[in-house]
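The structure appears right after this line, and notes come after that.
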Ligand SMILES: [Zn+2]
């Protein structure tokens, strides 16, 4: 039985999933140890893969100032 070669191929598959991630909040890049990443290790934001925290955007004063 050669379990070692099977384990190696499994590890390679996982390595494909564990690619470098970029936090869109603090622009921190890191290599995750787990396949499931919930928070950024630097800013701890659970929305590290999203740009905005709120789904809706209200009109800002800067938009009105651009007139
Ligand atoms: Zn971050």
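Just so it is clear, none of the values below were taken in a lab; they were calculated from the coordinates. Remember, predicted model here, so these are calculated numbers, not experimental data. Don't worry about glycine lacking a Cβ; one is built from the backbone with ideal geometry, like all the others, and counts go over all protein chains shown.
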Taking 26-33, 37-44 and ranking on average Cβ neighbours within 10 Å, highest first, one gets 37-44, 26-33
Final fewest-first order of 52, 61 on the 10 Å Cβ neighbour count is 61, 52
